[in-house]
Amino acid sequence: MKTSTNSNSEAADSLRWTVVTTALVVILGCIAIYHSTMGLRVVSTEEGRRLAIQQAPRIVPAATLDTPAAPLLAEVLRSDGRVTVVSFIYASCNSVCLALGSEFQRMQAQIARLGLQDQVRLMSISFDPRDTATQLAVYAKRQQANGKTWQISGIASAAGRKAVLDAFGVVVLPAPLGEFVHNTAFHIVDANGRLVKIDDFDQPDQALADAVAIYHAGRL
């Protein structure tokens, strides 16, 4: 009887230990998921990037733009009190960049129609080191960018490109035939040169509305 009792006790202890261990594993797993999803608020890296920007806006780095005047990107973004909607492109792109260009054309027209030229501007930044200032000028002409409302430029150095892409959380991967794969969105930079919000690239109206709201919030 003692042997049977001891066996039952050992089995019960083993079961309790298994339950406790399993519970700890589940709890630790839940904690890991909670932190990796920012409190269960995101389900993807892209959503995490956008939430992180909203929680902690980022200062845009002082990378030199590849234009004759060679201004610093950060200074351009802080130069005249306007809010800037930024997209990332490369001139030879035949896919999503074309869609972004079309949306920026429409946004440029909306800005003019609504008289928002002193509040909002657009900027397309090329991450492709093959895009020279001359090539981007041709690209800008093809996109009908008017220069005052919509500026298109590259970054002068590899280090500058990396700093800007890192600050915006843009990931660029090489693809076959000289193409690139990259995450695409409208990045909204306030008049102080801080990246404060990211909108989906298929929501240009929302991006423009957010830019106007951020402009007016900064005037309070």
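Readers should treat all values here as calculations from the given coordinates under stated rules, not as data from a laboratory. Keep in mind that what you see is a predicted model, and the values were worked out from it rather than measured. FYI the Cβ positions are ideal-geometry reconstructions off the backbone, even for glycines, and counts take in every protein chain you see.
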- Check residue 122: other-chain or 5+ apart residues with amide H under 5 Å from its amide H, H built from backbone geometry? 85, 150, 151
- Item | Candidate aspartates and glutamates for bridging to residue 162, where Cα separation is under 17 Å - those fewer than 8 sequence places away on the same chain excluded | 66, 128, 131
- Note on the structure: About its Cα centre, the stretch 74-198 carries a charge dipole, from +1 on Lys and Arg Cβ atoms and -1 on Asp and Glu Cβ atoms, whose size in debye to the nearest 20 is 220
- Item | Prolate/oblate/rounded label for the stretch 42-192 (Cα gyration tensor, a/c 1.5) | rounded
- Item | Estimated vicinal HN-Hα couplings, Hz - the stretch 66-75 in sequence order (Karplus 6.51, -1.76, 1.60; Gly, Pro = x) | 8, 10, x, 7, 6, x, 8, 3, 4, 6
- Query: Label points 7 Å out from Cα along the Cβ direction at residue 46 and residue 217: separation in nm?
  - Reply: 2.3
- Query: Let a ≥ b ≥ c be the square roots of the eigenvalues of the Cα gyration tensor of the stretch 159-220; is it rounded (a/c under 1.5), or, if not, prolate (a/b larger than b/c) or oblate?
  - Reply: oblate
- Cα gyration tensor of the stretch 91-132, axes a ≥ b ≥ c as square roots of the eigenvalues: rounded (a/c below 1.5), prolate (a/b > b/c) or oblate? oblate
